[in-house]
Amino acid sequence: MASSTSGTGVGSPCGACKFLRRRCTQECVFAPYFDSEQSPAQFAAIHKVFGASNVSKLLAQLPVHLRCDAVVTVAYEAQARIRDPVYGCVAHIFALQKQVTDIHNTQTHS
C-alpha cells in the first residue's frame, strides 16, 4: 500500500478509484493507501470480498492513524477469502496450529 498524489486533482486516480472507474477527489479515503500503479489489482480483491462502500465506511469511522493497519488487514483477509471462501485467514491459523502440534508430537515421541 503506497501513498498516492491523487486526490489532489493532479495526476492519475488512486488505485481504488482507477479500479472503480471514478474520479479521485481530495477527500478520497482510499488515495493514501492505494497507488495508481499496482493497487487496482489489490483493491479488486477487497472490492470483491467486502465491497468498496463497506470499506470506505470502515475507514471513515477510524482515526487516521489506524487506517493504514486496517487497509493492510482488510487486504490480507480479502486475499485469504478468495483462496478459501469459508475460512479465510483462519485457515492459516489452523495450518500453523497443526504445524506446532506436529512438531510438539514429534519431539515428545523421539
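Quick notes
- Filtering the stretch 77-89 to residues that are of a type in the set (V, I, T) and not in a helix (DSSP H, G or I) leaves only V86.
- Which numbered condition V74 misses (of (1) at pLDDT 95 or above; (2) not in a helix (DSSP H, G or I)): (2)
- Close pairs (9 angstrom Cβ cut-off, 6 or more residues apart or separate chains): more than 18 Å from I46 (Cβ to Cβ) and in a loop (DSSP other than H, G, I, E, B) in the stretch 6-22, β-branched (V, I, T) and modelled with pLDDT under 85 anywhere: G11/T5; S12/T5
- Figure legend. Inter-residue proximity from the stretch 34-49: first residues under 19 Å from C89 (Cα atoms), second residues part of a loop (DSSP other than H, G, I, E, B) and small (G, A, S), beta-carbon distance below 7 Å, spacing 6+ or different chains. No pairs are indicated.
- Hey, Q26 within 18 Å of Q79 (Cα to Cα), at pLDDT below 95 and of a type outside the set (V, I, T) or not: no
The values are calculated or read from the model by the stated rules, or taken from the named source; none is laboratory data. The structure presented is a predicted model; accordingly, all values stated were derived computationally and were not measured. Counting neighbours? That spans all protein chains shown, and the Cβs are built from the backbone with ideal geometry, glycine included.
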